[in-house]
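The next block holds one structure in the form of structure tokens; read it before the comments.
The values are calculated or read from the model by the stated rules, or taken from the named source; none is laboratory data. All values derive from a computational prediction rather than experimental measurement. All Cβ positions, glycine included, derive from the backbone under ideal geometry; neighbour counts span all protein chains shown.
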């Protein structure tokens, strides 16, 4: 086999620098996507039919089209449509936020509807305002129930963040591509990138298990 990992050793620090870009896009998008998804979920369970329909249509569009198409559309079409030269980071965060929000909204909606109806009735009987009931009673219980699904979405987003290399954002995948073009070898830099993604996913999975264990103990 024509393998020579010695050639990649000098470039390992450069590939490791890509972790910053990968984590930055992932973490910002997950946080913003959670808030956006929560808003969409609340709209979907509301009685305002127009807003309900718009939220469902939005989710359908973002779940029914390829993420790479959404990313390239935001990055390349935004300057044409608005005249604003959107940066690579802005395009990546905006796209992943809008996309993850669509998926997370369905997860949160299911979690909200899964909360015991007795909780809703008790809050209404006590005269708790709707927004306080949602923020203080329903949403905390829903999030606890859907934590595994939220972690899975975060893991999926972490892996999908490799797509930002298509618009030139410096992440793990993009830096691996640069090294590939420098030493004209494919296996070694991509293997390094794969190991980094795998390690990050395993760390995230471990953190999720610890959180789940603590939440179960707090019940």
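Kindly check whether there is at least one residue in the range 110-120 that is modelled with pLDDT of 90 or more and part of a loop (DSSP other than H, G, I, E, B).
No.
Assigned to a helix (DSSP H, G or I), in contact (Cβ under 8 Å) with a residue 12 or more places away in the chain and under 19 Å from residue 112 (Cα atoms): which single residue out of 33, 21 fits that description?
None of the others qualify; the one that does is 33.
Does residue 2 satisfy the criteria of being free of Cβ contacts under 8 Å to residues at least 40 places away in the same chain, within 27 Å of residue 190 (Cα to Cα) and not in a helix (DSSP H, G or I)?
Spelling it out, residue 2 is indeed free of Cβ contacts under 8 Å to residues at least 40 places away in the same chain, within 27 Å of residue 190 (Cα to Cα) and not in a helix (DSSP H, G or I).
Condition check: surrounded by fewer than 20 Cβ atoms within 10 Å (Cβ to Cβ) and either part of a helix (DSSP H, G or I) or modelled with pLDDT of 95 or more (or both). Does residue 175 satisfy that?
no
Which condition breaks for residue 114 when tested against (1) over 19 Å from the mean Cα position of the chain (by Cα); (2) within 30 Å of residue 21 (Cα to Cα)?
(2)
Within the range 137-168, can you find the residues that are under 17 Å from the mean Cα position of the chain (by Cα) and over 21 Å from residue 205 (Cα atoms)?
Listed by number, the residues that qualify are 163, 164, 165.
Residues are listed down the side, and each one gets a yes or a no for (1) in a helix (DSSP H, G or I); (2) touching a residue at least 12 places away in the same chain (Cβ under 8 Å); (3) surrounded by 17 or more Cβ atoms within 10 Å (Cβ to Cβ):
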position: 40; (1), (2), (3): yes, yes, yes
position: 52; (1), (2), (3): yes, no, no
position: 68; (1), (2), (3): yes, yes, no
position: 78; (1), (2), (3): yes, yes, no
position: 91; (1), (2), (3): yes, yes, yes
position: 95; (1), (2), (3): yes, yes, yes
position: 99; (1), (2), (3): yes, yes, yes
